[in-house]
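This report concerns only the one structure given below.
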Amino acid sequence: MIDLLIRNFDSASEASASAAGFILKKIKSAGKIKDRVSVVLAGGSAPRQLNTALLCHRGEINADRIDWFFGDERAVEPESPHSNYRMQMETLLGPLEISETRIHRIRGELGAVEAARDYRQKLTEYFSGPTAFDIVILGLGPDGHTASLFPGNPSLSIDDVSVTTSAPAPMKPHVERVTLTFSAINNADTVMFFTGRSGKETVIDRLYSNSAGALETAYPFESVRPKSGPAIWFIYGSEV
Ligand code: 6PG
């Protein structure tokens with residue numbers, strides 16, 4: 001069972017191909033029961049590789065029925081090289097020619113507090129109730145963070161709203177962030193991680209001890225416990 005939840009690959013391209021196929025399958029199954037499918041995109045650098053694989057499926061992606069969201073954003077302009085929105089526009093949403101009306105970005109240029117309020121409002125209007133994404137794609141940081149939920153940050157314990165702010169990250173860019181909360185992530189139908197192993201070995205090895213039933217939470221990512229079932233991991237780099 002654990003092999004189904006944690007899929008290890010030698011190369012980023014193999015992991016990307018597998019993860020892209022998984023995402024398309026989930027989009028298609030969600031599309032059978034609803035008109036609009038909501039997908040949350042990750043930030044950082046790993047998504048660049050995943051997006052290359054997703055573009056290979058462009059013929060299967062019905063752009064009119066998918067809404068694209070973000071798991072987190074830096075409090076920067078959308079044109080900033082630090083913007084997750086810019087990265088996703090350059091590597092996926094632009095090449096797919098996704099209409100702006102289907103892209104629900106976090107307006108980092110407003111500053112973290114106002115951007116979080118704005119995004120919360122967007123989600124409330126979109127879901128007309130609790131935030132319930134169909135698919136959430138997450139990355140993993142070397143300190144065990146995911147989205148912009150960093151170790152020791154008060155955002156880790158906020159569970160009464162779907163979006164919150166995070167103090168300047170301990171890693172570059174050292175700017176304030178806006179992030180989905182664990183409650184929004186854990187209310188999604190499908191949650192997956194896509195990450196390299198390099199530099200994150202200790203954090204990733206924790207996955208296996210977790211599966212062995214470790215009790216305490218050492219890293220933020222361990223609070224990703226979707227109600228719908230365990231998150232699926234796509235990990236590339238040197239084998240376990
Ligand atoms: C961000 C991301 C962050 C990212 C991890 C992994 O805004 O920085 O959302 O959570 O996913 O830091 O980043 P890499 O993919 O670059 O290792």
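Output the antiparallel fraction of DSSP beta bridges having both residues in the chain, as a percent to the nearest 5.
Values: 8 of 29 bridges.
In the chain, DSSP labels about 30 percent of beta bridges as antiparallel.
Please report I33, I23, I98 as a ranked list, fewest other C-beta atoms within 10 angstrom at the top and most at the bottom. Let's see the in-between values first.
On the way: I33 8, I23 22, I98 19.
Least crowded to most crowded, the residues run I33, I98, I23.
Loop exposure criterion: GluC sites (Glu not before Pro), DSSP state outside H, G, I, E and B, at most 14 other Cβ atoms within 10 Å. Applied to the chain, the longest stretch between such sites is 98-215. In region 2-236, if the dipole is taken from +1 on Lys/Arg beta carbons and -1 on Asp/Glu beta carbons about the Cα centre, which of Y208, S162, G111 is farthest to the positive end? The residue sitting most towards the positive pole is Y208. Over region 2-236, the alpha carbon radius of gyration divided by the compact-protein estimate 2.2 N^0.38 Å works out to 0.93. Charge dipole of the chain (Cα centre as origin; +1 on each Lys and Arg Cβ, -1 on each Asp and Glu Cβ, all else neutral): 400 debye, rounded to the nearest 20.
Counted residue by residue at 0.36 nm each, then reduced by the alpha carbon distance between them, the extension gain from T124 to D10 reaches 37.0 nm.
Taking the three principal axes of the alpha carbon atoms in region 122-163, the coordinate ranges are 35, 21, 12 Å, sorted in descending order. Neighbour counts of C-beta atoms inside 10 Å place V39, V136 in the sequence V39, V136, starting with the fewest.
For region 127-240, what class follows from the C-alpha gyration tensor (a ≥ b ≥ c being the square roots of its eigenvalues): rounded when a/c is under 1.5, otherwise prolate if a/b is larger than b/c, else oblate? It comes out oblate by the Cα gyration axes.
Counting lysine pairs in region 2-236 whose alpha carbons fall under 25 angstrom apart, excluding pairs fewer than 8 residues apart on the same chain, gives 13.
FYI, it's all coordinate maths here, none of it is from the lab. Given the structure is predicted, the values throughout are model-derived calculations rather than measurements. Glycine also receives a Cβ, built like all others from the backbone with ideal geometry; neighbour counts cover every protein chain displayed.
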